[in-house]
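Okay, structure first, notes after.
The values are calculated or read from the model by the stated rules, or taken from the named source; none is laboratory data. Note that the structure is predicted; figures quoted are calculated from it, not measured. So basically every Cβ, Gly included, is an ideal-geometry build from the backbone, and we count neighbours across all protein chains shown. For accessibility, only protein heavy atoms count, side chains too; no ligands or nucleic acids. Shrake-Rupley method; radii C 1.70, N 1.55, O 1.52, S 1.80 Å.
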Amino acid sequence: MSGFLLGLASGTSCLAFCAPVLVPYLVAEAAGPLRSVPLLARFMFGRLLGYLLFGLFVGVAGSLVGQGPRREIGFGLAFLGLAALLVCYGFGQPRRSKAACVVDGRTSALRRLAGRWPGVLPIVLGLLTGLNLCPPFALAVAGAAESGGVAASVWFFATFFLGTSIFFLPLPGLGALRRFETLRLVARLAAGVVGVYFLYRGVVLVHGGLARL
Amino acid sequence: MTEACVMPLSAGRDRGLSLGRAVLVSLPMVLLTAFMLIGGRGGMPRKAMEAIPLLITFGGVNVLFFLMAKSGRTDRYRAVLFVTVAVSFAISFVANLFEVRGSMALTEEDMLRGRTPFCHMVIPMTLIPAVFTRTINFPGSMLGGFAPIAGMFVIWIGATVSLGRGFCSWGCFFGGLEDGFSRVRKRTAVRNIADRWTYLPYAVLVSIVILSALSLSPTYCMWLCPFKTVSEYVAVTDFRRALQAAIFLSLFFGLVVVLPILSRRRTQCGLFCPMGAFQGLFNKTNLFEVKIDQSRCSDCAHCTRICPTFSIDKASLARGATRISCSKCGKCVDDCPKGAATFHVKGTPFVLGDKLARFLFLYPAFLFLVVFNGGMIQDTIRRLFLLVSTGSLLR
């Protein structure tokens with residue numbers, strides 16, 4: 001349930017990251033709202049696939065760490081790594097994501113790719129944007145890692161996917177929004193703030209684990 | 001932009017009123033503040049220790065409003081009251097904590113027993129997650145205390161509807177501290193703050209809303225509030241709480257003291273505060289705004305350098321408006337060398353140096369500042385009398 005709630009609460013951030021990739025693609029490929037629905041479905045399938053695989057990975061990694069103080073230290077160090085990544089990403093100079101570069105309004109290149117792999121391209125785009133280092137994704141990683149097992153971790157990501165997906169439903173009818181760049185900047189900075197939060201948590205966990213050793 | 005009426009060059013700066021008109025304009029404020037400050041207590045108190053602080057507050061605020069009317073300058077006199085409110089809040093609140101708890105420290109037991117007072121900073125992380133999760137994250141118990149909290153929400157809604165982000169310069173009892181520190185130095189030491197940092201408050205807002213929804217705890221109060229330093233700090237009983245206390249102190253001294261002194265801006269309000277970001281969203285629906293007459297503007301960009309909340313940039317200047325984060329403090333209106341900035345009521349024709357629009361905004365804004373915070377000023381004066389007579393701020 002907490003995965004679903006996190007998805008609901010952070011869906012707009014997710015949208016801010018995925019929409020710059022998805023909207024130009026939909027605009028380039030689909031002639032109208034109805035025709036963009038199957039493309040959106042494939043894109044969402046790609047996201048789901050990415051989330052489930054990552055949930056599996058996080059769950060396996062979490063179960064390998066074990067229990068007790070070592071688990072605390074393990075998670076603490078993982079949180080510190082995640083925090084460093086998020087802070088650099090959020091507060092560093094922005095760069096364009098690879099998925100965004102693939103689309104980037106260059107419809108001719110896109111059409112060429114879509115012509116070569118018509119069914120696979122939206123799935124790959126969904127996979128790439130789904131695994132973006134946005135704040136909701138980072139929080140989902142932490143939530144899944146603490147959920148206590150492989151199945152619980154995969155379930156966490158599946159419900160997180162459901163929560164965020166609600167925000168994608170109006171996209172076929174919306175078209176491109178003007179303020180995506182600002183939203184992306186805010187979401188990037190939010191990733192940095194969330195990174196600082198993980199820094200606190202990481203330090204507290206490592207300290208607690210070391211004290212109990 | 002709507003039509004701009006042409007005025008003589010000096011008119012933009014000469015916005016004051018004659019003595020008679022200033023008195024006339026100030027009279028409604030005298031009556032309103034008398035009604036709210038004295039009438040609200042059921043009449044004039046008989047004890048000198050109650051009556052004198054009330055009279056000083058009443059007289060002081062009305063002198064300030066008169067000076068605002070007479071001189072035509074808004075920010076200069078607003079800031080005097082705003083800083084007084086913030087200092088009064090710190091003195092009154094901390095002294096009250098010592099009387100009630102015997103310490104400024106906030107323990108787990110205090111939180112569980114709901115001994116934490118309401119603070120407007122928690123509004124975004126209370127309201128937004130409540131919409132999604134139907135769970136209220138509140139730093140304390142609401143049992144037995146729902147009525148005053150509901151009352152605060154009603155006051156906040158009223159202030160937000162009438163002032164928008166003006167709440168941050170005309171109501172917030174924290175903002176005055178950095179406003180005061182930003183006026184300490186005559187020269188600016190830190191000038192170039194990248195534009196992208198002005199979006200940080202929205203990022204903090206998004207982060208605390210997500211984190212509060214996920215952890216079902218008041219994340220901002222637990223980890224990010226710079227004002228814990230002047231209100232109630234977490235009792236340091238273990239490593240985690242020591243870390244929290246260190247964060248609160250660093251954020252306070254960094255964002256509320258050092259950076260405002262160096263940059264002469266309100267850096268906590270402009271670059272960090274999630275409540276401010278939330279309030280800014282209501283500027284879209286608020287009647288009042290600050291507009292810039294492009295025909296008079298000489299592109300000197302003075303306003304972009306002095307705006308305390310980073311609410312004017314080249315792009316907004318080109319639109320003849322401020323950004324969504326404008327807290328309507330009036331500094332740009334006071335200081336524009338060409339007098340191109342003006343208070344304006346949306347939906348009405350744009351008139352440079354519009355006195356009516358200015359007063360239509362000033363009445364509710366100033367009254368809110370006085371009524372919302374007047375009690376704290378009186379309490380502080382009482383405590384200062386106590387300090388002089390007994391050597392202690394505590395009753």
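Okay, here's what the table says:
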{"item": "Tally of residues being free of Cβ contacts under 8 Å to residues at least 40 places away in the same chain and closer than 14 Å to residue B:308 by Cα across region B:188-203", "result": "1"}
{"item": "Any hit, region B:334-343, residues being in a helix (DSSP H, G or I) and open to solvent by less than 50 Å² (accessible area, probe 1.4 Å)", "result": "yes"}
{"item": "Test set (1) farther than 25 Å from residue B:362 by Cβ; (2) away from chain A (no Cβ under 14 Å); (3) free of Cβ contacts under 8 Å to residues at least 60 places away in the same chain; (4) open to solvent by 20 Å² or more (accessible area, probe 1.4 Å) - residue B:243 fails condition number", "result": "(2)"}
{"item": "Residue B:99 within 28 Å of residue B:244 (Cα to Cα), of a type in the set (D, E, K, R) and either touching a residue at least 60 places away in the same chain (Cβ under 8 Å) or open to solvent by 60 Å² or more (accessible area, probe 1.4 Å) (or both)", "result": "yes"}
{"item": "Hey, residue B:313 surrounded by fewer than 18 Cβ atoms within 10 Å (Cβ to Cβ), within 21 Å of residue B:188 (Cα to Cα) and within 14 Å of chain A (Cβ to nearest Cβ) or not", "result": "yes"}
{"item": "Residue B:21 vs. criteria out of contact with any strand residue (DSSP E or B) (no Cβ under 8 Å at 6 or more places or on another chain) and not in a helix (DSSP H, G or I)", "result": "no"}
{"item": "Residue that is modelled with pLDDT of 75 or more, open to solvent by 60 Å² or more (accessible area, probe 1.4 Å) and in a helix (DSSP H, G or I), where the choices are A:190, A:211", "result": "A:211"}
{"item": "Residues (surrounded by 24 or more Cβ atoms within 10 Å (Cβ to Cβ) and within 14 Å of chain A (Cβ to nearest Cβ)) located in region B:178-199", "result": "none"}
{"item": "Verdict on residue B:296 being open to solvent by 30 Å² or more (accessible area, probe 1.4 Å) and either part of a loop (DSSP other than H, G, I, E, B) or touching a Pro at 6+ places or on another chain (Cβ under 7 Å) (or both)", "result": "yes"}
{"item": "Qualifying position, being within 22 Å of residue A:81 (Cβ to Cβ), modelled with pLDDT of 70 or more and not in a loop (DSSP other than H, G, I, E, B), among A:126, A:163, A:143", "result": "A:143"}
{"item": "Whichever residue in region B:251-291 is among the β-branched types (Val, Ile, Thr) and open to solvent by 10 Å² or more (accessible area, probe 1.4 Å) and, among such residues, is nearest to residue B:86 (Cα to Cα)", "result": "B:257"}
{"item": "Residue in region B:211-232 that is more than 14 Å from chain A (Cβ to nearest Cβ), more than 25 Å from residue B:85 (Cα to Cα) and open to solvent by 30 Å² or more (accessible area, probe 1.4 Å) present", "result": "no"}
